[in-house]
Amino acid sequence: MAEKHKLLEVNQLTMDFGGLRAVDGVTLQVCEGEIAALIGPNGAGKTTFFNCVTGIYAPTRGDILLHPKGLKTRRLNGLKPNRVTEMGLARTFQNIRLFSDMTVLENVMIGRTCRTQAGIFRSILRTKATRIEEQEIVETSYQLLQKVGLGPFANEFAKNLPYGAQRRLEIARALATEPFLLLLDEPAAGMNPQETADLDHLICRISADDRIAILLIEHDMKLVMNISNPIFVMEYGKKIAEGSPQQIKDNPQVIEAYLGEETDA
C-alpha cells in the first residue's frame, strides 16, 4: 500500500505559560484522507495545541510543519492566524464565534475573504471583475450552506439559529476558506443525540466529498470511535497514546487517564 501523504507534522511541540507547561513535547501527524481525533481529560492541553497550530499562540519550542500536496513545506511557527488560514488550514472554536447580528449567508461570505482578489480600489470602483467575484462569493457561500443543511436559513440572523445549527454554520464558514485540513474544536459540544448523529455524517461527507483531512477535539467518545482513525490521547500536556479506535479502547493508560472502565460508553 502506498504511504499516505503527510499534511500536518508537529514535532516536540511545547507551550509554556509562565511556570505552567500546557503542552509538553507533543509529536503527531495528520495525513490526507484521515479523520484524526485528539482526546483527553479537561485541561489536558488539547485546545492549547490547536491554538499553537493555528497561530493564536507562538509555541515555546517545537516545529509545526504544513505539507501542502505539490507545494513546498511551510513552517507555521509564529505566523498570524490569517496567514495560516491562507495556507489551507481552517478551524472552528470550542466556544462558538459567529457574527450573531449578521445573516447566516453573510457569516459564510466572510470566510471567503481570504480567497478574494478585489482590493479596496476595485471595490470602490465596482469594476466588472469585482461584481463577478461578489456573485461567486454569494453562490459558493450558499452552496456551502446547502452542504451543511442550512440553505433555508440563509437570510436568518445567525443568533436565531438553534445551537446545533450554529455549530454547523461555523463549519460552513471554515469550509469557505477552501482548506485541505480542517481542525474542529469540540464540534459536538452541547448537541443532542440527533444533532450529534447528523454531525457524524456531515464530517464523514466533508472528508469523502471534499477530500479534506480533519483533526477534531471531542469528548463524545461514541462519535470519536465511530469516525476517527488515528486517535491521539493527551494527559497533562503530554501525548500518552495513539492508534486505532480499538487500540485506544484497549490501552490501560488511556482507560486509567480518561475513558474509565466503560470504554464502550
Problem - Positions within the range 150-201 being under 27 Å from residue 231 (Cβ atoms) and aromatic (Phe, Trp, Tyr), in sequence order - result: 163, 180
Exercise for the section: Mind listing just one residue for me: the one in the range 159-185 that is polar (S, T, N, Q) and part of a helix (DSSP H, G or I) and, of those, farthest from residue 47 (Cα to Cα)? Expected result: 160
Handout entry: Selection count where residues are out of contact with any Asp or Glu (no Cβ under 7 Å at 6 or more places or on another chain) and not in a loop (DSSP other than H, G, I, E, B), scope the range 84-103
Key = 5
Practice task
Give 84, 23 a once-over and let me know the one that is over 17 Å from residue 181 (Cα atoms), of a type in the set (Val, Ile, Thr) and buried (at least 19 other Cβ atoms within 10 Å of the Cβ).
Solution key: 23
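How many of the residues in the range 187-208 are in contact with a Leu (Cβ under 8 Å, 6 or more places away or on another chain) and part of a loop (DSSP other than H, G, I, E, B)?
Keep residues of the range 187-208 that are in contact with a Leu (Cβ under 8 Å, 6 or more places away or on another chain), which gives 187-188, 191, 196, 199-200, 203, 206.
Restricting the remaining residues to those that are part of a loop (DSSP other than H, G, I, E, B) gives 187-188, 191.
Of the residues in that region, 3 qualify.
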Practice task
For residue 111, state whether it is part of a helix (DSSP H, G or I) and either in contact with a helix residue (DSSP H, G or I) (Cβ under 8 Å, 6 or more places away or on another chain) or surrounded by 15 or more Cβ atoms within 10 Å (Cβ to Cβ) (or both).
Solution key: yes
Exercise for the section: Would you be able to say whether some residue in the range 149-158 is in a helix (DSSP H, G or I), without any contact (Cβ under 8 Å) to a residue 12 or more places away in the chain and exposed (fewer than 15 other Cβ atoms within 10 Å of the Cβ)? Expected result: yes
Exercise for the section: Looking only at the range 52-83, count how many residues are touching a strand residue (DSSP E or B) at 6+ places or on another chain (Cβ under 8 Å) and not in a loop (DSSP other than H, G, I, E, B). Expected result: 10
Practice task
Identify, by number, the condition in (1) in a loop (DSSP other than H, G, I, E, B); (2) in contact with a strand residue (DSSP E or B) (Cβ under 7 Å, 6 or more places away or on another chain); (3) acidic (Asp, Glu) that residue 24 doesn't meet.
Solution key: (1)
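If you check 174, 189, which single one turns out to be assigned by TED's automatic domain parsing to the domain that holds residue 33 and either basic (Lys, Arg) or under 21 Å from residue 223 (Cα atoms) (or both)?
Only one candidate passes the filter, namely 189.
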Completion exercise
Note on residue 30: of the conditions (1) within 18 Å of residue 215 (Cβ to Cβ); (2) outside any strand (DSSP E or B), unmet is (2)
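Take the residues in the range 57-75 that are among the β-branched types (Val, Ile, Thr) and at pLDDT 95 or above, then tell me which one is surrounded by the most Cβ atoms within 10 Å (Cβ to Cβ). Steps first, answer last, please.
From the range 57-75, those among the β-branched types (Val, Ile, Thr) are 60, 64, 73; that's our starting set.
If we keep only those that are at pLDDT 95 or above as well, we get 60, 64.
On the way: 60: 15, 64: 23.
Top of the filtered list is 64.
The values are calculated or read from the model by the stated rules, or taken from the named source; none is laboratory data. Because the structure is predicted, anything quoted here is derived from the model rather than measured. Positions of Cβ are generated from backbone atoms using ideal geometry, with glycine treated the same way; all protein chains shown enter the neighbour counts.
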